[in-house]
Amino acid sequence: MGFSMNWDVSNIKNQLRRMYSECNSPYNDGFVSWAIKQELYEVKFLVDEILSKCSTFAPEEEWLKKIEQEKIIEILKR
């Protein structure tokens, strides 16, 4: 029996981006925007908890460092 990936990371990212857009939409009031932001926090807390329970893998530190450097470069470009 092999591994079966039944989720789509691109779709998850797109949904989170839509939540961000709705949270910052001038057409939503503070109650709606706050509810969306709370849901984003719930996702963040769950992801943080799950990551803390996952094993650490050999290329992980190098990959995280690369991602951090890319983010820094993006910030400096702005």
Legend entry - Separation in nanometres of the label points that stand 7 Å from Cα toward Cβ, at PHE31 and SER10: 3.8
Legend entry - Contour minus Cα-Cα distance for GLU39 and SER52 (0.36 nm per residue): 2.7 nm
Inset, instruction - Compute the acute angle (0 to 90°) between the alpha-carbon long axis of helix 60-77 and the principal axis of greatest extent of the alpha-carbon atoms of the chain; round to the nearest 10°. - result: 40
Inset, instruction - With springs connecting C-alpha atoms under 10 Å apart, model the chain as a Gaussian network and identify which of ILE50, ILE67, ILE36 has the largest mean-square fluctuation. - result: ILE67
Legend entry - Anisotropy class of segment 9-77 from Cα gyration tensor, a/c 1.5 cut: oblate
Legend entry - For segment 1-43: rounded, prolate or oblate by the Cα gyration tensor [a/c cutoff 1.5]: prolate
Legend entry - Within the chain, longest stretch clear of exposed chymotrypsin sites (Phe, Trp or Tyr not before Pro) (DSSP loop, no more than 16 other Cβ within 10 Å): 28-56
Legend entry - Cut-off 15 Å between beta-carbons: net charge of the residues surrounding TYR20, Lys and Arg +1, Asp and Glu -1: +2
Inset, instruction - Please state the charge dipole magnitude for segment 9-77, taken about the Cα centre, from unit charges on C-beta atoms (+1 on K and R, -1 on D and E), reported in debye and rounded to the nearest 20. - result: 200
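Coordinate-derived values only; no laboratory data. Note that this is a predicted model, so its numbers are computed, not measured. Cβ sites come from the backbone with ideal geometry, for glycine too, and all protein chains shown count toward neighbours.
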